[in-house]
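J.: Structure provided below as structure tokens; questions to follow.
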Amino acid sequence: MPSALRPIYWEDGKVCIIDQTRLPEEKVILTFSDYKDVAQAIRDMRVRGAPAIGVAAALGIALAAQSLPALDKAEFIRRLDEIGEEFSSTRPTAVNLYWAVDRMLNVPRDRLDQDVEGLKKCLMDEALMVLNEDVQVNRTLGAHGAELVDDGDTVLTHCNAGALATAGYGTALGIIRAAVESGKNVKVIVDETRPRLQGMKLTAWELKESGIPVTVITDSMAAWIMKKGMVSSVIVGADRIASNGDTANKVGTYGLAVLARAHNIPFYVAAPLSSVDLTILDGSEIPIEERNPEEVTDIDGKRIAPQGVDVMNPAFDVTPAEYISAIITEEGILRPPYLQTLVQAEAVKSSRLKTCIL
Ligand code: MRU
């Protein structure tokens, strides 16, 4: 089953991304040699999905660093911080963005031995590490999560938490890929995911390309499909997970979690630890992006809503931890109480990384 989709990569000194706004009609690769265009591609959702945004920012900062003129080191670091700020302001909810920016901006602080030319190389190496680690992390969390999927299951997912939303393989879809790779028959039902239709345009495309059976429903059909006994589990991705397990993901996720509880269906969140924000206690502190009302009022550039009507367009919602049966990470399947299990998982991961460095 092919899963070699490369949604974002570095080639010939440029950042390359699949333009997600053009799928499924056409697969267009955009190549950027100016970091400002990478930042704009994040704003325009040409690259989207929490881990993919983080990887794009890391590559964008490395790209910017390569083209900074010969500066003294203090000035180089000051410019780098400004560029980091530019990336941080592109989208507010996915914490992977800030995680990746911090990781890049820490390079000069961690490599005091390096001059400006040396730092440019270290920044490039770090960005490529962010990219390669993401694929590896997804494969690991996929293998953990596959244990929760039985032969013959039908998994409901929302939005796109696939290869396209990451550096490759995917989180929620990574679990489905891993289950299929281990020989299980798995079917997927995907919500169309209004207003941007990531489920219908991206998830359905990606699964079809991979030969995994997929059925698209409109968002409002999920309750009935569950009631009819057609859903074995719900698996979604995450944009930010608070210390207590409250999880921000694409708007509509919270509704699915409530429905899953009402129908006694397990509801799983699949995410790398880079999506966990231990600086906040609960979901009330997660900033929710409010997007352009035209995403709601217009379909394919044509206005559908009456002129002058009020519109709300929160791009994400927060699912309270009590509705989440497990959070699947590269450190394994975490169960409540998440305050304890998330902190433990972070500690285990950082102690393993320290051991690797020593
Ligand atoms: O607004 P988007 O398309 O960037 O939102 C994407 C999502 O909500 C995804 O479900 C989430 O980032 C998980 S991606 C592995």
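The values are calculated or read from the model by the stated rules, or taken from the named source; none is laboratory data. What you are looking at is a predicted structure, and each value in this text was computed from that prediction instead of being measured. So basically every Cβ, Gly included, is an ideal-geometry build from the backbone, and we count neighbours across all protein chains shown.
J.: Of all residues in segment 43-62, which are in a helix (DSSP H, G or I) and either surrounded by fewer than 24 Cβ atoms within 10 Å (Cβ to Cβ) or of a type in the set (Gly, Ala, Ser) (or both)? Talk me through it step by step, then tell me what you get.
T.: Of the residues in segment 43-62, the ones in a helix (DSSP H, G or I) are 43, 50-62.
Listed by number, the residues that qualify are Arg43, Ala50, Ala52, Gly54, Ala56, Ala57, Ala58, Gly60, Ala62.
J.: So which residues in segment 69-81 are in contact (Cβ under 8 Å) with a residue 40 or more places away in the chain and assigned to a loop (DSSP other than H, G, I, E, B)?
T.: Matches in segment 69-81: Ala70, Leu71, Asp72.
J.: Looking only at segment 193-207, decide whether some residue is in the same structural domain as Glu147 (by TED's automatic domain parsing) and either among the small types (Gly, Ala, Ser) or under 25 Å from Gln340 (Cβ atoms) (or both).
T.: Filtering segment 193-207 down to residues in the same structural domain as Glu147 (by TED's automatic domain parsing) leaves 193-207.
When the remaining residues are screened for being either among the small types (Gly, Ala, Ser) or under 25 Å from Gln340 (Cβ atoms) (or both), the result is 199, 204.
There is at least one residue in segment 193-207 that is in the same structural domain as Glu147 (by TED's automatic domain parsing) and either among the small types (Gly, Ala, Ser) or under 25 Å from Gln340 (Cβ atoms) (or both).
J.: Then there's this: Taking only segment 6-26 into account, find how many residues are within 14 Å of the ligand (Cβ to nearest atom) and either under 17 Å from the mean Cα position of the chain (by Cα) or of a type in the set (Asp, Glu) (or both).
T.: Applying the first criterion (within 14 Å of the ligand (Cβ to nearest atom)) to segment 6-26 yields 7-8, 17-21, 23.
Subsequent filtering for residues that are either under 17 Å from the mean Cα position of the chain (by Cα) or of a type in the set (Asp, Glu) (or both) retains 7-8, 17-21.
Number satisfying all stated conditions: 7.
J.: Do we have Val190 as of a type in the set (Val, Ile, Thr), without any contact (Cβ under 8 Å) to a residue 60 or more places away in the chain and more than 26 Å from Gln344 (Cβ to Cβ) here? Outline the logic, then answer.
T.: Values: of a type in the set (Val, Ile, Thr): yes; without any contact (Cβ under 8 Å) to a residue 60 or more places away in the chain: yes; more than 26 Å from Gln344 (Cβ to Cβ): yes.
Against the criterion (of a type in the set (Val, Ile, Thr), without any contact (Cβ under 8 Å) to a residue 60 or more places away in the chain and more than 26 Å from Gln344 (Cβ to Cβ)), Val190 qualifies.
Per-residue answers, yes or no, for (1) aromatic (Phe, Trp, Tyr); (2) touching a residue at least 12 places away in the same chain (Cβ under 8 Å):
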position: Ala58; (1), (2): no, yes
position: Gln66; (1), (2): no, yes
position: Ile83; (1), (2): no, yes
position: Phe87; (1), (2): yes, yes
position: Pro92; (1), (2): no, yes
position: Arg111; (1), (2): no, no
position: Glu117; (1), (2): no, no
position: Leu131; (1), (2): no, yes
position: Asp134; (1), (2): no, yes
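J.: For the list (1) within 11 Å of the ligand (Cβ to nearest atom); (2) in contact with a helix residue (DSSP H, G or I) (Cβ under 8 Å, 6 or more places away or on another chain); (3) assigned to a helix (DSSP H, G or I), I need the number of the one condition that Lys201 fails.
T.: Single failed check for Lys201: (2).
J.: Something else now. How many of the residues making up segment 130-170 are assigned to a loop (DSSP other than H, G, I, E, B) and buried (at least 20 other Cβ atoms within 10 Å of the Cβ)? Before the answer, list the steps.
T.: Looking only at segment 130-170, we keep the residues that are assigned to a loop (DSSP other than H, G, I, E, B), and these are 147-153, 158-162, 166-170.
Narrowing the set further to residues that are buried (at least 20 other Cβ atoms within 10 Å of the Cβ) leaves 148-149, 158-162, 166-170.
Total meeting the criteria: 12.
J.: I'm trying to understand the selection: among the residues of segment 223-272, which are under 22 Å from Asn313 (Cα atoms), among the aliphatic types (A, V, I, L, M) and within 15 Å of the ligand (Cβ to nearest atom)?
T.: Val236, Ala238, Ile241, Ala248, Val251, Leu256, Ala257
J.: Taking Tyr98 as meeting all but one of (1) hydroxyl-bearing (Ser, Thr, Tyr); (2) at pLDDT 95 or above; (3) more than 16 Å from the ligand (Cβ to nearest atom), write down the number of the exception.
T.: Going through the list (1) hydroxyl-bearing (Ser, Thr, Tyr); (2) at pLDDT 95 or above; (3) more than 16 Å from the ligand (Cβ to nearest atom), Tyr98 breaks only (3).
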